[in-house]
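Bear in mind these aren't lab numbers, they're just calculated from the coordinates by the rules spelled out. Quick caveat: nothing in here was measured; it's all calculated off a predicted structure. Glycine also receives a Cβ, built like all others from the backbone with ideal geometry; neighbour counts cover every protein chain displayed.
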Amino acid sequence: AQSVTQLDSQVPVFEEAPVELRCNYSSSVSVYLFWYVQYPNQGLQLLLKYLSGSTLVKGINGFEAEFNKSQTSFHLRKPSVHISDTAEYFCAVRGVGDMRFGAGTRLTVKP
Amino acid sequence: EAGVAQSPRYKIIEKRQSVAFWCNPISGHATLYWYQQILGQGPKLLIQFQNNGVVDDSQLPKDRFSAERLKGVDSTLKIQPAKLEDSAVYLCASSPTTSANEQFFGPGTRLTVL
């Protein structure tokens, strides 16, 4: 079965600074990869997904992620964050069977 | 297009009591999921329905948890009796088909067991 590790539980960053949230996965089969965002007291919202093709994936709100098969990683990046990006971010992987989520990274953007 | 609806949003109960959560998926979505999200963890799949049939319930604690989707539309998740470790947010999600690669999540029900 597949699994996901999010390497940072918390990432504090100042407004307008760049940010990278790290995600590594493990799977014996080809996978689909996802990033979801969860704002306080809300459900998860899809930011972006990698299914096939170009390894650089662009999503909503200026986020992008790069699929690296050799390093089994799918890191999320944004060149300049806003206060409104403060939220919990979840990396997820789907191979055979159900979708598996990482433990989440809390991004806190400070003024 | 209306999103996934869940109720109640919050529930506090004593251990050994029973509780039920309701979910109405996006209209036309055949696949419905229930997840448990314990504080500080990612969501964990409890059960997946395709229309009114169960696709995967391998991680559902069947001694106390049950779920149904009788008419293939809305669904109910029940816990009976509840334990302290059941305190979590219960998320419902739906997708057009089982093979679809985007799941649409509801706002969740936060359960506190005292």
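Based on the reciprocal of the average 1/r between different C-alpha atoms, the Kirkwood radius for region A:3-85 equals 13.6 Å. Determine the alpha carbon to alpha carbon distance for each of A:K78/B:K11; A:K69/B:K11; B:K44/B:K71 and list only those over 31 Å. The answer is A:K78/B:K11; A:K69/B:K11.
The mean sequence distance of close C-alpha pairs (under 8 Å, at least 6 residues apart), as a share of the length of chain B, puts its relative contact order at 37 percent. Per-residue shielding of A:98-105, expressed as the average number of other chain Cβ atoms within 10 Å of the residue Cβ, stands at 5. From the largest down, chain B spans 37, 26, 24 angstrom on the principal axes of its Cα atoms.
Per-residue shielding of B:28-41, expressed as the average number of other chain Cβ atoms within 10 Å of the residue Cβ, stands at 2.
Charged neighbours of B:N101, selected by a Cβ distance under 12 Å, balance to +1 (K, R count +1; D, E count -1).
Take each residue in A:39-50, count the other chain C-beta atoms within 10 Å of its C-beta, and the mean is 4. Convex hull volume per residue, computed on the Cα atoms of region A:21-65, equals 98 Å³. With a Förster radius of 30 Å applied to the beta-carbon distance between B:D56 and A:E16, the computed FRET efficiency rounds to 0.10. Working note: Debye formula, equal point scatterers on the alpha-carbon atoms of the protein assembly as shown, no solvent; log10 I(q)/I(0) at q = 0.09, 0.10 Å⁻¹ is -0.37, -0.46.
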